[in-house]
Amino acid sequence: MTTIEIRPARADRFDDVEHALSGGGDGASCWCQWWMLRGKDWDATTVDEKRELLRSDLEAQPPSALIAYIDGEPAGWVKVAPRPAQPRLTHTRSLKQSPEPIDDDSVWAITCFVVRREHRRAGLGTELLDAAVAHARDNGARVIEGYPLDTSVKKASANALFHGSLSTFLSAGFREVATPSPGRPIVSLTVA
């Protein structure tokens, strides 16, 4: 029987973070910095610098991400943090359609999923989403947002699914609160 455990991502588990992020997709080149850096800064930052920025991010409390382990092996990742702590979110035009104030620290955002290739299609995304919701709620979130892809509108590559899929969010109790563009809704879950 497979054992799944989800733990906070921390700097002292950086080897696990690297393993979780390097098993397919853009994780090993992005280092979960897409939402942390504005466009011009993203373009000017090397992959190695992004890696070190993530290491620094993981020293903060509460942890801004979680790692999924399958039978003790790091297998997946989810980024979940207050929306204002993810600077690009506040400057993304389409996300301004959120009904929540953009600078509200009680609004958390789930912005990035990575599942290693060998563990895809086993429900790990759902496990990560459930753990991210619990983590945000336990750390003071009032509302949790996601920005998934609606794969019934447009087929998405595995890399594009770092946003998560709409069906997974809806199954977890989120509801659509805005649709800035076809196939790109904003979803929300009130937890407090």
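Data overview
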read-out: Contacts under 7 angstrom Cβ, first residue in region 130-155 being closer than 13 Å to F174 by Cα, partner at pLDDT below 95 and of a type in the set (G, A, S), 6 or more apart; value: E145/S98; G146/G164; P148/G164; P148/S165
read-out: Residue match in region 91-106 (condition: more than 13 Å from I144 (Cα to Cα), among the small types (G, A, S) and in contact (Cβ under 8 Å) with a residue 12 or more places away in the chain); value: yes
read-out: Check on W42, modelled with pLDDT under 95, part of a helix (DSSP H, G or I) and among the hydrophobic types (A, V, I, L, M, F, W, C); value: yes
read-out: Total residues in region 1-19, condition under 24 Å from A85 (Cα atoms) and surrounded by fewer than 16 Cβ atoms within 10 Å (Cβ to Cβ); value: 6
read-out: Positions within region 20-39 being in a helix (DSSP H, G or I), of a type outside the set (A, V, I, L, M, F, W, C) and buried (at least 19 other Cβ atoms within 10 Å of the Cβ), in sequence order; value: G27
read-out: Check on E73, under 24 Å from G24 (Cα atoms) and surrounded by fewer than 20 Cβ atoms within 10 Å (Cβ to Cβ); value: yes
read-out: Residue that is farthest from T46 (Cα to Cα), among those in region 1-29 that are among the charged types (D, E, K, R) and over 14 Å from the mean Cα position of the chain (by Cα); value: E5
read-out: Residues satisfying the stated conditions in region 106-149, i.e. assigned to a loop (DSSP other than H, G, I, E, B) and either within 11 Å of the chain's Cα centre (by Cα) or closer than 21 Å to R10 by Cα (or both); value: R116, N139, G140, A141, Y147, P148
read-out: Residue in region 58-67 that is in contact with a Gly (Cβ under 6 Å, 6 or more places away or on another chain) and part of a strand (DSSP E or B) present; value: no
read-out: Flag for L161 being in a helix (DSSP H, G or I), surrounded by fewer than 21 Cβ atoms within 10 Å (Cβ to Cβ) and within 17 Å of the chain's Cα centre (by Cα); value: yes
read-out: Only one of L95, L89, L66, L149 that is farther than 23 Å from G39 by Cβ and not acidic (D, E); value: L66
read-out: Residue selected from region 164-192 under the condition among the hydroxyl-bearing types (S, T, Y) and not in a helix (DSSP H, G or I), by the criterion modelled with the lowest pLDDT; value: S181
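The values are calculated or read from the model by the stated rules, or taken from the named source; none is laboratory data. What you see is a predicted model; the values in this text were computed from it and never measured. Neighbour counts are summed over all protein chains in view; Cβ atoms, including those assigned to glycine, are modelled from backbone coordinates with ideal geometry.
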